[in-house]
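The block underneath contains the structure these notes are about, expressed in structure tokens.
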Amino acid sequence: MRLSHRPAATAAAALLLAGGLAGCSLSDGDSGHGATQGSVGKASVDRFDKPVAKATFTTPMAPGAKVDIAVMGLRVKGKLATLSLQWTPHVPGDTNTPTPYRLNGERGLDASLIDPVNLKRYVVVTDSGSRRLESDDVLTNLPNEQTTLTSHTFAAPPANVKSIDLQLGSWPTFRDVPIER
């Protein structure tokens with residue numbers, strides 16, 4: 001019996017991932033297992049002390065509803081730039097759980113970066129399976145009155161671009177978001 005390419009590739013990826021994770025530790029200390037694989041770089045997570053931009057917007061999700069959106073950072077690594085956003089919905093009444101999609105009037109966010117230097121617009125990149133590399137704006141639940149992080153990945157603007165504008169949904173544009181390199 002011959003496997004098609006897709007299931008075979010998926011199985012191979014799963015085995016590689018499982019094998020790769022077997023030698024990794026998420027803690028900073030020694031796991032005590034006496035690792036013998038040699039020196040491996042430590043994985044890291046983007047950490048942000050404070051937002052680089054923030055605003056409160058009204059939302060059509062419910063009468064009197066608002067959402068705080070904070071741009072926590074736009075970091076470039078290699079040829080990609082990752083935008084991290086923090087959402088805090090304030091939706092009165094007993095309604096559906098807020099999502100970015102619902103907060104934006106049941107429309108897609110269509111996050112984009114606008115480069116004022118090179119006059120370009122950057123949209124979220126897709127992977128080889130045609131999936132957008134971003135948090136799902138329809139399925140990402142944003143518990144009311146709590147903060148939740150989302151991320152969006154773009155092609156990195158050229159090094160001569162120090163800040164960029166961010167268009168997010170139907171809300172006003174965030175201007176001059178600094179790019180961290």
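Computed quantities for the displayed model
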read-out	value
Residues that are among the aliphatic types (A, V, I, L, M) and modelled with pLDDT of 95 or more, drawn from the stretch 27-60	Val52, Ala53, Ala55
Matching option when the condition is in contact (Cβ under 8 Å) with a residue 60 or more places away in the chain and either at negative phi or in contact with a Leu (Cβ under 6 Å, 6 or more places away or on another chain) (or both), among Pro157, Pro116	Pro157
Selection within the stretch 111-136 - within 13 Å of the chain's Cα centre (by Cα) and not in a strand (DSSP E or B)	Ala111, Val125, Leu133, Ser135, Asp136
Which listed residue is open to solvent by less than 50 Å² (accessible area, probe 1.4 Å), acidic (Asp, Glu) and closer than 17 Å to Glu180 by Cβ, from Asp115, Asp137	Asp115
Residue in the stretch 146-162 that is most open to solvent (accessible area, probe 1.4 Å), counting only those that are under 15 Å from Arg121 (Cβ atoms) and either of a type in the set (Phe, Trp, Tyr) or over 18 Å from the mean Cα position of the chain (by Cα) (or both)	Pro158
Residue that is of a type outside the set (Gly, Ala, Ser) and modelled with pLDDT under 95, where the choices are Pro116, Pro100, Pro89	Pro116
Residue list for the stretch 139-163, restricted to those being out of contact with any strand residue (DSSP E or B) (no Cβ under 9 Å at 6 or more places or on another chain) and of a type in the set (A, V, I, L, M)	Leu139
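The values are calculated or read from the model by the stated rules, or taken from the named source; none is laboratory data. As the structure is a prediction and not an experimental result, all values here were calculated from the model. Counting neighbours? That spans all protein chains shown, and the Cβs are built from the backbone with ideal geometry, glycine included. Please note that ligands, DNA and RNA were not included when accessible areas were found on the heavy atoms of the full protein model with its side chains. Shrake-Rupley method; radii C 1.70, N 1.55, O 1.52, S 1.80 Å.
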